[in-house]
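Enquirer: Dropping the structure in here first, questions after.
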Amino acid sequence: MKRPRPIATFGKLELHHATFQAFESTKYLNINALKKVPVAKIELGSIVGGGVEATLVATIQGGKITRLSPARCRGCSENDHKNRKTGPNAALKKSVHAALAYMKENSPNPVKLPIPVTAKALLGIEIGPIIIGPVIIDIWPPNICIVLDEPDGSWCTYCLWGPTLCGGGQL
């Protein structure tokens, strides 16, 4: 299968359009119970984009989705993340910040948090673009990161492997 063309590239990172596909079981979740639970993590569905696919996990707190993050990816083994560097180097951080600045300038907006827990929200999250990389032919699949618009206005990346990186309002 031919990989889709990225929206933009930043060093070895690529920015791709992505879609969310809810799991069939998501429509059977007890919304009222989720609104009352102190904290819960649930797998909602899959993020698909850039030739990669990952499970999307939502953290629910106080009746709102407060965090979204990729959990597992199709084609990844359990040991894939152990073979990768956990800390981003300066070039990777620069590329992530360049991708976030590009998104702010060109309006492919990320998910705005928090999101009230409703059936519509759980089934139809507009995931926005994803960052994948480093894209190296010998290493597949690459890391998958989603970008979230935090309540404080900063944009943060949440990735399968490695730490969260954020860019404040002054990118």
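Enquirer: Restricting attention to the range 3-56, report how many residues are more than 24 Å from residue 118 (Cα to Cα) and among the polar types (S, T, N, Q).
Expert: Step one: of the range 3-56, the residues more than 24 Å from residue 118 (Cα to Cα) are 3-17, 49-53.
Subset that is among the polar types (S, T, N, Q): 9.
Selection size over the range 3-56: 1.
Enquirer: Name the residue that is surrounded by the fewest Cβ atoms within 10 Å (Cβ to Cβ), counting only residues in the range 42-60 that are over 17 Å from residue 111 (Cα atoms) and touching a residue at least 40 places away in the same chain (Cβ under 8 Å).
Expert: Among them, the one singled out is 51.
Enquirer: Another question about this same structure. Just to be sure I understand the filter: pairs with C-beta atoms under 7 Å, separated by 6 or more residues or on different chains, first member in the range 97-121 and free of Cβ contacts under 8 Å to residues at least 40 places away in the same chain, second member surrounded by 14 or more Cβ atoms within 10 Å (Cβ to Cβ). Which pairs pass?
Expert: Qualifying pairs under 7 Å: 112/149.
Enquirer: Give me the pairs: first residue in the range 11-22 and farther than 9 Å from residue 127 by Cα, second residue surrounded by fewer than 15 Cβ atoms within 10 Å (Cβ to Cβ) and charged (D, E, K, R), beta-carbon distance under 7 Å, and six or more apart or on different chains, which are they?
Expert: Sorted first by the residue in the range 11-22, then by its partner, the list stays empty.
FYI, it's all coordinate maths here, none of it is from the lab. Computed from a predicted model, the values in this text were never measured in an experiment. Positions of Cβ are generated from backbone atoms using ideal geometry, with glycine treated the same way; all protein chains shown enter the neighbour counts.
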